[in-house]
Each structure stands twice: as C-alpha cells, then as structure tokens.
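Okay, handing you the structure first.
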2 protein chains.
Amino acid sequence: MAVNGVASLEAVLHALEQGERELVGHLREAVAIESVSNDPERYPECVMMSKYLVERIQALGGQAKARSDTGTTDGPGGSRVPVSPIILATFGNDASKKTVCAYGHYDVMPAALSEGWDSPPFVLEETEELFHGRGTSDDKGPTLCWLAVIDAYNKAGVEMPVNLKLCFEGREEAGSDGLEELIGLEMRSEGFFHDVDFIVISDSGSLGAKPCVTYGLRGIAEFEFSVSGPADNLHSGVYGGVAREPMTDLIKVLSSLTDEKGNLDVPDLNAMVAPVSEEERRLYEDIEFDPVAWAKASKIPGVNGEMTKENVLMRKWRFPTLSVHGIKASSDYKATCIPATCTARFSIRTVPKMEPKAVERAVEKHLKDAFDTLDSCNQFTIDDVLVSDCFLGDVNDNNYSAARRANKAVYGSEPEFIREGGSVPIAISLANITRKSVCLLPICGPADNIHGPNESMLKKNLFQGAKVMAAYLVEIASA
Amino acid sequence: MAVNGVASLEAVLHALEQGERELVGHLREAVAIESVSNDPERYPECVMMSKYLVERIQALGGQAKARSDTGTTDGPGGSRVPVSPIILATFGNDASKKTVCAYGHYDVMPAALSEGWDSPPFVLEETEELFHGRGTSDDKGPTLCWLAVIDAYNKAGVEMPVNLKLCFEGREEAGSDGLEELIGLEMRSEGFFHDVDFIVISDSGSLGAKPCVTYGLRGIAEFEFSVSGPADNLHSGVYGGVAREPMTDLIKVLSSLTDEKGNLDVPDLNAMVAPVSEEERRLYEDIEFDPVAWAKASKIPGVNGEMTKENVLMRKWRFPTLSVHGIKASSDYKATCIPATCTARFSIRTVPKMEPKAVERAVEKHLKDAFDTLDSCNQFTIDDVLVSDCFLGDVNDNNYSAARRANKAVYGSEPEFIREGGSVPIAISLANITRKSVCLLPICGPADNIHGPNESMLKKNLFQGAKVMAAYLVEIASA
C-alpha cells in the first residue's frame with residue numbers, strides 16, 4: 001500500500017468512526033422493515049426494504065437499478081409477483097481502476113416473539129456490547145456497512161480507489177429466485193457484471209474471536225415431500241387399523257434418511273464425499289478453536305462424535321448433514337384424526353464432490369425406494385427441490401490476499417482462513433457465471449444466532465467490519 | 001308392548017314428524033355455536049352452548065343444573081377455567097317408573113374451511129338428503145333428538161313411560177374432564193346418578209344402511225412426548241452435523257412404534273390382546289358388510305391386510321391401532337433451522353384385555369427405551385397422557401333387548417349388533433361407576449365423516465333416530 005493510500009485510508013476510517021451513530025440509526029430503520037422473504041404475505045415489506053436501500057444509494061451518489069424482471073415468486077393472498085427487487089448499483093466508472101462487486105442481501109428469516117426472542121425481533125435493541133434484532137448480523141448489518149464505507153469516503157473527501165458495484169438481493173433466504181438469471185443476463189449482454197474484476201461477499205461469520213476470511217461454504221439441497229391417501233382426514237377410531245396412515249409412512253421414509261445417531265444415512269450421498277487427506281487434516285491444526293467452549297456458548301447439550309476440534313470443525317465444514325425442519329399434517333394437531341396428507345421438509349448441507357444434480361437424483365431415488373419398501377397404497381410425491389452447490393475459493397489469489405491484508409491493516413494480525421457450514425448459494429453462482437474470484441469477508445461473530453431467536457451483532461464487529469471493508473477497497477485496488 | 005303403549009307411541013311418533021322442521025331449526029342454532037372443546041380460546045362458546053341447552057330443557061319442563069365444580073381446564077389467553085358445564089337434567093320423579101339416563105355431548109371437534117370443508121363448518125347446510133355442519137352427527141344432532149322426543153311426548157299429551165334424566169357434557173372431545181368425578185360424587189351422595197336403572201348413549205354410528213345397536217367400543221390412550229436439546233433453534237448450516245438434532249431423535253422414536261406396514265409394533269401391547277376365538281369369528285358371519293364398498297365410500301385408497309369383511313371389521317373393532325396425529329417443531333416450517341424442541345402427539349385405540357394403566361406403563365417404557373437406544377445427549381419428556389378403557393356390554397340384558405325392540409318397532413326389522421372402533425370413554429366410566437347397564441343406541445350413519453371435514457347427518461337418520469329413542473323409552477319401561 002502506498003503511503004498516500006495509508007493517509008487516505010486513515011481519513012476514511014476516521015470518517016467511519018464519526019459516522020457510527022448514523023450507521024446504527026440506519027440499522028434501526030432497516031431492522032424495523034419486516035422483509036421476511038419466505039413469507040409471501042410480507043412481499044410488500046421486501047419491496048419497501050429495496051426502496052429504502054435504493055434511496056440511500058442515490059443519496060450517496062450511486063446509480064441504482066431495482067430489477068424484478070428475471071423471476072416470479074409467491075405473493076400475498078396466493079398471488080404470483082415479480083421477485084423482490086435485486087438492486088444493482090454503481091459508484092464510479094473509471095477504466096483505469098479495478099471494479100469490485102460487493103454482494104449483500106436485505107431479506108431476513110422469519111422471527112416471532114413466541115420462538116424465544118427476549119424482545120420484539122423487528123425492533124433494534126442496543127446493549128453495551130450488542131445489537132439485537134432480526135437481520136442485525138444476517139445480513140442487514142454487513143449490507144449497511146458497505147453504504148457506510150461509501151459515505152465515509154465521501155465525507156473524508158477521499159476518492160474511492162476502485163469502481164464499486166453493489167448487488168443487494170431480497171430473496172437470499174428463500175432460494176435467490178431470479179438472481180442467477182440476472183447475473184447470466186448481465187454477463188451475456190456485457191452489462192452490470194461484465195466488467196467486474198473481483199467479487200466480495202459479507203454474509204457469514206468468524207469462527208471465534210479472531211477475524212476470518214472464508215474460502216469454503218457448504219451447499220444446500222432442500223426437499224419437501226408428501227404422503228397422501230384418504231380423500232379427507234379420518235376419525236382415528238373409525239378408520240384406525242384399517243386405513244393405511246400417511247403419517248406413519250412419512251415417518252418411516254424420514255427415519256430412513258439418518259442412522260440411529262442422527263447422521264446422514266443415504267449411502268449414495270455418503271459415497272460422493274472425498275475422504276480426509278493428511279494434508280487437509282493438518283490445515284485444522286493451525287486454527288484456534290475450543291470445541292467445549294463453543295458447545296457451551298452455543299447452548300447445545302453435546303456434539304455428535306468426539307469433543308475434539310477436528311471432529312467438530314470437520315462436521316461443520318466438510319461433511320454433509322441432514323436436518324428435518326418440520327412436518328405438517330392436514331388435520332388439527334389436537335384432533336384424534338388420521339391426517340389425509342402429511343408433508344415433511346428437510347435439507348442436506350453438501351460438500352465438495354457432491355454435484356447438485358447428482359445429489360438431487362440420489363435423494364429422490366432414496367426417498368422413492370424407501371417409500372416403495374413400505375408397499376403402501378398411499379401416494380408419495382416430491383413437492384419441492386432446491387439445490388445449490390457448495391463453494392471452495394483459492395486462498396492464494398489476489399482477492400484473498402487483499403482480504404488478508406485488509407484484516408491485518410485494521411486488526412494488526414493475520415486473519416484465520418476458515419470454511420463455513422452454512423450456505424451462500426449465490427457465492428457459487430457468482431463464481432461459476434462471472435468466472436471471477438469470489439472472496440467471503442465475514443464481519444459477524446460466531447454467537448450471533450442468525451436464523452434463530454435473539455439474533456445479534458457485536459457492536460465492535462459492525463464498526464470494525466466496516467473498516468475492514470474500507471481497507472479491502474484500498475488493498476484490492478493495488479492487486 | 002301393551003296396545004295402549006302402541007297407541008301412545010304412535011301419537012308421539014306423529015308429534016315427532018310434525019316437529020321435524022323445529023328440530024332442524026334447533027340443529028341450525030346449535031351448529032352455529034362453535035363449541036370446540038379442545039381450543040381453550042373457544043371456552044366461551046362451550047359455555048354459551050350449555051346455556052342454550054339448559055334454556056331449552058327448562059322450556060320443556062325439565063329441571064336442569066349446569067355443573068362446573070368438578071374440574072378445571074385451559075381457558076382463553078392461558079387462563080384456567082372451570083370445566084364447561086355438565087348439564088344434569090331430570091324429567092319426572094315417579095318412584096313407580098324406571099329411571100333412564102341418556103348421555104350426549106354438546107362439544108365438537110375443531111373445523112376449518114382450510115381443512116377441506118366445502119362450506120363454512122359452523123353453518124348448517126341442508127341438501128335433499130343431508131345436513132352438513134360440524135356436530136350434526138357428533139353429537140349435537142343426537143343430543144337434540146332427545147329434546148325433540150321430550151317435546152313430542154309433551155305435544156302428543158302422552159305421559160313419559162319412564163323418569164328421564166339427561167347428562168349432556170361439553171368436554172367429550174377433550175378428555176371429559178370433571179365428568180367421571182361428577183358421576184362418582186353424585187353416586188356417593190345418592191344424587192343424580194344414584195336412582196338410574198339404565199343408561200343409553202347416542203354417540204356413535206351404524207355400520208352400514210341397517211340400524212344397529214352397539215355393544216363394544218375401543219378405548220383410547222393418547223400420548224404427547226418431546227425431545228429437546230439446544231437452548232435455541234439453530235442455523236442448520238452452522239450447527240448441522242455437530243448438534244444432535246431433536247427432530248431426528250423424535251422421528252426414530254416414532255418410527256419404533258409401528259412396523260413397515262403401519263401396524264402397532266409395541267410387543268408388550270400386542271401381547272395383551274386376546275386371540276380371536278372361533279366363536280368370536282362366527283359372530284362376524286351374520287353381519288352385512290361390503291369392505292370394498294366401504295373403502296370406496298370412505299374415499300380411502302385401500303385397506304391394511306386383506307380386503308375381507310372379517311379383516312376390516314376386526315381391525316376396526318377388536319385390534320389395537322396407532323395413529324400419529326401431528327408433529328410440532330419450535331422453529332418455522334420454512335426456515336432452514338434445527339428446531340430446538342420437537343413434540344409429537346399420537347394415540348392408541350385399545351381393546352379388551354388392554355388394561356389402561358398397563359397400556360400407559362408399556363407405552364412409556366417403549367418410548368423411553370427407544371430413546372435410550374439412540375444414546376442421545378438430548379432430553380426426552382412425556383408431556384401428556386390420557387388413557388381410557390374400552391367397553392363391552394352384555395347384549396343379552398334388558399337394556400339391549402329394549403334397544404333391539406325399539407329399532408324393530410320403528411324400522412320393522414332386527415338391528416345389527418356391532419362394535420365400534422371409536423372411543424366413548426364415558427361409556428366405561430358410566431358402566432364402572434354406576435354399575436348399571438350401558439347401551440349404545442347409534443342413530444348416525446357410517447359416512448358422516450365425524451371429526452373430519454364436511455361432517456354430515458342423513459336427514460332420515462336424524463328423524464328416524466328420534467323415533468327409535470321415543471320407542472326405546474316405551475320398551476325400557478316394561479323391561
């Protein structure tokens with residue numbers, strides 16, 4: 001980094017510090033908009049959130065387009081609506097500079113007080129150390145940091161060292177409908193994504209207290225299937241014993257997916273996973289991680305397998321897993337009925353070598369075979385499949401090097417290079433379609449409880465994270 | 001029956017015919033009151049329904065008490081409230097007459113348009129042949145018939161041949177809280193139930209088109225259990241593979257309860273069931289029943305085991321069965337979470353020789369053993385158990401003979417003597433505590449779809465059923 005660059009960055013970082021309360025105010029406004037993308041009834045709130053961001057981008061001097069033309073989704077009252085707007089924004093168009101595209105998402109997971117929140121989930125709560133509220137960490141906080149960085153460059157009177165593009169979507173928690181299509185469209189037409197040199201994504205968290213750069217993500221394959229038989233829900237006294245019950249069939253099929261310990265037990269899937277090499281095993285040695293402290297902080301009663309760093313991290317990062325998210329029945333829970341139709345939703349987190357189409361085929365075959373084994377007169381249907389690949393970046397390329405130096409500039413020490421158990425399907429779409437390097441620059445913490453109740457973000461992570469983003473722009477400019 | 005009795009009965013039956021539209025009007029009023037007993041929020045509607053009945057009883061000249069002093073239950077907004085009033089009514093107190101107690105219930109199962117109803121469930125719909133609406137068959141229709149019978153005796157100017165007592169409860173679909181206690185209290189204090197000679201219950205249906213008298217009912221044992229572990233719902237990407245998932249444990253436990261065909265597979269329970277004797281098998285030979293037509297009319301895609309009369313009836317009446325009614329998760333169905341707590345509700349229909357306490361012990365042991373086998377760090381709890389015995393009456397006693405003759409008087413032919421797969425727990429409580437004969441006099445049909453959507457009652461069953469009740473009072477008077 002040139003001396004001049006250092007001085008300029010210091011001015012920007014100072015401006016970021018001056019603007020911290022303003023950032024908090026924006027976070028409060030954003031959290032209050034209940035942009036829950038997987039609830040069709042809250043589509044209007046997703047649109048409202050996109051308008052809020054477009055107005056802010058324009059006020060900061062950016063060009064912004066809100067694109068809804070590449071897909072449709074379920075809207076209020078059973079309607080179909082265009083996908084929540086995907087915001088494509090541009091700051092600067094200087095052919096002598098590198099062009100960086102930062103991705104974020106403004107939609108959030110559902111949240112309700114009844115699920116264990118200590119305060120209303122859509123009202124920002126502030127303690128000495130934390131911000132509480134849905135989206136503070138995933139991903140409204142990081143998304144707003146990018147805008148704070150631009151604001152700081154403006155206020156410090158420092159010219160941005162790169163052309164900065166922003167891609168903020170509103171369907172990340174619901175399958176990113178329309179985004180992959182839009183990226184393809186904008187590549188083929190030599191549009192928005194065509195001149196991007198590097199892509200950076202802030203939508204994950206660090207492993208522990210140390211800052212991290214993330215080079216791997218698990219993929220996700222979501223499935224929903226149903227078993228139905230009787231035309232109507234039946235009285236369990238009148239029909240019990242005679243009618244073949246969809247729920248017991250469904251339970252047998254679900255049970256076939258895992259072994260007694262809860263491990264994924266679909267042989268065709270497990271066979272795809274690469275064995276752990278000695279070289280890979282050594283990568284884990286350098287990572288600071290205390291599995292006992294982690295389990296305790298996570299408030300889980302134990303871990304699958306041994307309580308060792310290697311076992312826990314490998315189970316999080318490099319082995320597949322299956323979670324059953326819910327089971328629905330067509331009859332009232334308290335009624336002593338035989339439900340006529342039962343539906344289950346589960347997902348599998350996938351790892352390198354598990355090719356999405358092969359995963360889809362293997363799971364569908366397993367489900368159908370498991371149902372066929374039951375020799376049931378009921379009907380089995382697969383209702384929904386959503387598959388996205390996992391991601392592995394090249395930690396030695398310029399993008400990762402810039403991310404490493406940016407962290408060092410702000411924190412004074414090397415970041416840890418980690419993988420992540422969660423899925424950011426768009427990372428792989430961006431990498432595959434644009435063929436550019438994608439780097440994940442997490443600014444959130446491991447205890448943020450994203451997707452669960454009492455989602456939070458450490459104040460210092462939000463404020464330092466914005467600084468790392470500002471420094472990254474300087475570092476990537478010279479890459 | 002004396003000639004005089006015949007003439008009197010004819011006048012009463014004529015009055016019943018004259019009053020048919022009035023009965024329909026009352027059924028319409030009763031269906032409109034959403035007295036869903038297992039929804040605490042609708043406790044006020046249950047109380048309203050009890051008031052409606054008390055007013056009608058008093059208008060007909062009866063003495064009525066509404067008793068809420070023998071139990072409490074969940075009320076609106078998390079409150080505890082007295083049980084919905086149990087109506088104890090008396091018509092006549094002539095020591096020279098027999099005293100008959102008729103039981104009915106004014107509460108209903110939940111119902112919602114979204115569960116497949118063709119019209120609003122709490123609005124009586126009338127077609128040429130049918131009444132549609134929640135409670136038309138189970139059990140508001142039959143309950144109102146008793147009042148129509150009293151009205152007809154009054155209007156015909158015929159003295160009732162017995163002292164008639166009515167016991168109408170409002171918690172039948174939710175465990176009959178407080179009723180057993182009340183029967184015991186009224187027996188010990190030589191109160192309401194003390195001088196009853198015969199008990200008659202109209203809360204079941206015929207097997208086919210032929211009128212029936214029911215001498216057996218399956219019992220029911222309901223269970224709810226939970227598996228919990230993490231303090232909060234977890235992100236399935238961050239924790240999947242490491243955290244032991246309550247849902248997969250719960251599915252394994254549920255799966256252990258049935259075999260691949262959906263048959264109850266709890267060896268300790270199956271061992272309790274008496275083998276089928278040759279004598280018993282012969283009882284089935286006389287019954288008119290077409291299993292193919294029955295399955296078709298029931299709109300079920302097939303039956304467990306062979307499509308024979310014996311297999312289907314035995315599975316309905318004399319073998320136990322297990323139904324899983326629903327599974328709840330602490331996280332949103334669409335969220336890719338690991339739910340922190342999962343809960344399942346199931347019931348077992350029980351048959352003679354399955355003693356309730358032994359059933360409870362065997363099921364609890366099976367559940368705990370199944371969970372222990374998983375060697376899980378999660379926590380297993382049994383949250384709710386509700387067990388009631390099955391019922392077998394003596395088809396040769398005076399009560400059943402009167403029921404047989406009453407059917408013959410109205411229909412001109414012998415009724416079929418059947419058992420029923422459903423449970424009327426109060427039948428066994430009444431039999432056990434009062435030590436009097438309990439006879440089930442069904443007036444409903446096999447296609448009424450009680451507990452399910454589009455519950456209905458054939459018009460002719462309602463009107464002829466009231467006549468059988470009127471004739472039964474004459475027949476039992478001379479027993």
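Once you average over the residues of A:435-443, how many Cβ atoms of partner chains fall within 10 Å of each Cβ?
On the way: counts 0, 0, 0, 0, 0, 0, 0, 0, 0.
Going residue by residue through A:435-443 and averaging, the value is 0.
Quick check on the exposure proxy: order A:Met49, A:Met307, B:Met314 from fewest to most C-beta atoms within 10 angstrom.
Listed from fewest to most nearby Cβ atoms, that is A:Met307, B:Met314, A:Met49.
State, as an integer percentage, the relative contact order of segment A:167-282 based on alpha-carbon contacts under 8 Å between residues 6 or more apart.
Values: 34 pairs, mean separation 10.5, N = 116.
In percent, rounded to a whole number, it is 9.
If you place +1 on the Cβ of every Lys and Arg and -1 on the Cβ of every Asp and Glu, how big does the dipole about the Cα centre of segment A:21-148 come out, in debye to the nearest 20?
Details: 12 positive and 19 negative charges, 155 e Å.
Rounded to the nearest 20 debye, it is 740 debye.
Defining the label point at 7 Å along Cα→Cβ, can you sort the distances from A:Glu22 to the same site in each other copy, shortest first, in nm?
8.2
With θ set to phi - 60°, apply the Karplus curve 6.51 cos²θ - 1.76 cosθ + 1.60 along segment B:340-349 and write out the HN-Hα couplings as whole Hz, x wherever there is a Gly or Pro.
With the stated coefficients, segment B:340-349 comes to 6, 9, 10, 9, 10, 10, 9, 9, 10, 8 Hz.
Still on this structure, please answer the following. Just checking the output field for B:347-360: average partner chain Cβ neighbours within 10 Å of each residue's Cβ? Kindly include the intermediate steps, with their values, before the conclusion.
Values: counts 5, 2, 6, 0, 1, 0, 0, 0, 0, 0, 0, 0, 0, 0.
Mean inter-chain Cβ contacts per residue within 10 Å come to 1.
For chain A, find the longest principal axis of its Cα atoms and tell me its angle to the long axis of helix A:425-434, 0 to 90°, nearest 10.
60 degrees
Here's a follow-up. Report the FRET efficiency, 1/(1 + (r/R0)^6), for A:Lys368 and B:Glu260, where r is their Cβ-Cβ distance and R0 is 25 Å, rounded to 0.05.
0.95
Mind running the shape call on the protein assembly as shown? Use the C-alpha gyration tensor, a ≥ b ≥ c as the square roots of the eigenvalues: rounded below 1.5 for a/c, prolate if a/b tops b/c, oblate otherwise. Working shown, then result.
Values: a/c = 2.90, a/b = 2.40, b/c = 1.21.
Since a/c reaches 1.5 and a/b is larger than b/c, the shape of the protein assembly as shown is classed as prolate.
OK, next. Going by how many other Cβ atoms sit within 10 Å of their own, how do A:Met469, B:Met247 line up, fewest first?
Lowest to highest Cβ neighbour count: A:Met469, B:Met247.
May I ask you to list the trypsin sites (Lys or Arg not before Pro) in segment A:336-375 that are in a DSSP loop and have at most 16 other Cβ atoms within 10 Å of their Cβ?
The qualifying sites are A:Lys353.
Moving on. Looking only at chain B, where both bridge partners belong to it, what percent of the DSSP beta bridges are antiparallel (to the nearest 5)?
Roughly 70 percent of the DSSP beta bridges within chain B come out antiparallel.
Now a separate question. Shielding by partners for A:293-301, please: the mean number of other protein chain Cβ atoms within 10 Å of each residue's Cβ.
Across A:293-301, the average partner-chain Cβ count within 10 Å equals 5.
Taking amide H positions as placed 1.01 Å from N in the peptide plane, with prolines and chain starts having none, which residues 5 or more places from B:Thr73, or on another chain, fall under 5 Å of its amide H?
B:Val81, B:Val83
What ³J(HN,Hα) values, in whole Hz, does the Karplus curve 6.51 cos²θ - 1.76 cosθ + 1.60 give for segment B:305-313 when θ = phi - 60°, with x put for Gly and Pro?
Each residue's phi maps through the Karplus curve to give x, 6, 7, 10, 4, 4, 4, 5, 5 Hz.
In whole Å, what is the distance between the alpha-carbon centres of segment B:11-67 and segment A:260-319?
A separation of 64 Å, based on Cα centres.
List the GluC sites (Glu not before Pro) in segment A:301-395 that DSSP assigns to loop (not H, G, I, E or B) and whose Cβ has at most 15 other Cβ atoms within 10 Å. Which are they? Don't skip to the answer; put the middle values down first.
Numbers: sites: A:Glu306, A:Glu310, A:Glu360, A:Glu364; in loops: A:Glu306.
The qualifying sites are A:Glu306.
Inverting the mean 1/r over all pairs of different Cα atoms, compute the Kirkwood radius of segment B:237-288 and quote it in Å.
Computed over segment B:237-288, the radius equals 15.0 Å.
In addition: Tell me, what HN-Hα J-couplings in whole Hz come from the Karplus equation 6.51 cos²θ - 1.76 cosθ + 1.60 at θ = phi - 60° for each residue of segment B:262-277, using x for Gly and Pro?
Along segment B:262-277, the couplings run x, 7, 3, 10, 10, x, 5, 7, 4, 5, 6, 6, 5, x, 7, 7 Hz.
Moving to a separate point now. Take the alpha carbon atoms of segment B:213-250, find their center, do the same for segment A:339-416, and report the distance between the two centers in whole angstrom.
About 25 Å separates the Cα centre of segment B:213-250 from the one of segment A:339-416.
Right, something else. So what's the convex hull volume per residue for the Cα atoms of segment A:15-91, in Å³? Could you put the intermediate results ahead of the total?
Values: hull volume 6.6 nm³, N = 77.
So the per-residue hull volume is 86 Å³.
On to the next question. Amide H to amide H under 5 Å from A:Cys444: which residues, 5+ apart in sequence or cross-chain, H placed 1.01 Å off N in plane?
For A:Cys444, whose amide H was placed from the backbone, the distant partners under 5 Å are A:Ser204, A:Ser206.
Hey, what angle do you get for helix A:140-156 against the long axis of chain A, alpha-carbon based, 0 to 90 degrees rounded to 10?
It works out to around 10 degrees.
Let me ask something else about it. Nm distances between the label at A:Glu41 and the same-position labels in the remaining copies, 7 Å along Cα→Cβ, shortest first?
1.1
Any idea what the B:Gln379 label distances to the other copies are, label 7 Å down the Cα→Cβ vector, nm, shortest first?
Here the equivalent label points are 4.3 nm apart from this one.
Taking the 0 to 90 degree range and rounding to the nearest ten, how far is the long axis of helix A:43-59 tilted relative to the main principal axis of chain A, both from C-alpha atoms?
For helix A:43-59, the angle is close to 10 degrees.
Per 20 Å bin from zero, what fraction in whole % of the C-alpha pairs of chain B is there, up to the bin with the longest pair?
Once binned at 20 Å, the Cα pair distances of chain B give 23, 55, 20, 2, 0.
Okay, moving on. Taking amide H positions as placed in the peptide plane 1.01 Å from N, state which residues far from A:Thr258 in sequence (5 or more) or on other chains have amide H under 5 Å from it.
A:Asp265
Just the number, please: percent antiparallel of the DSSP beta bridges in the protein assembly as shown, rounded to the nearest 5.
Numbers: 102 of 148 bridges.
So the antiparallel bridges amount to about 70 percent of the total.
If you place +1 on the Cβ of every Lys and Arg, -1 on the Cβ of every Asp and Glu, and leave all else neutral, what size is the dipole of chain B about its Cα centre, to the nearest 20 Debye?
Roughly 540 debye for chain B.
Using only the Cα atoms of segment A:198-318, build the gyration tensor, take square roots of its eigenvalues as a ≥ b ≥ c, and label the shape rounded, prolate or oblate: rounded if a/c is under 1.5, else prolate if a/b is larger than b/c, else oblate.
In terms of gyration-tensor shape, prolate.
Run lengths n ≥ 4 of DSSP H only: what is the helix-derived mean residue ellipticity at 222 nm for the protein assembly as shown, with -39500 (n - 2.57) per run over all residues, to the nearest 500?
-11000 deg cm²/dmol
Using the 10 angstrom Cβ neighbour count as an exposure proxy, how do B:Ser50, A:Ser255 rank, fewest first?
A:Ser255, B:Ser50
Hey, another quick one. Of B:Lys98/B:Lys357; A:Lys296/A:Lys408; B:Lys97/B:Lys460; B:Lys98/B:Lys316; A:Lys65/A:Lys353; A:Lys334/B:Lys368, which sit over 25 Å apart, Cα to Cα?
Correct reply: B:Lys98/B:Lys357; A:Lys296/A:Lys408; B:Lys97/B:Lys460; B:Lys98/B:Lys316; A:Lys65/A:Lys353.
Label points 7 Å out from Cα along the Cβ direction at A:Ser478 and B:Glu129: separation in nm?
Between A:Ser478 and B:Glu129, the simple spin-label model gives 8.8 nm.
Since every read-out is calculated from the coordinates, none of them should be taken as a lab result. Keep in mind that what you see is a predicted model, and the values were worked out from it rather than measured. Please note: Cβ atoms are built from the backbone with ideal geometry, for glycine as well, and neighbour counts cover all protein chains shown.
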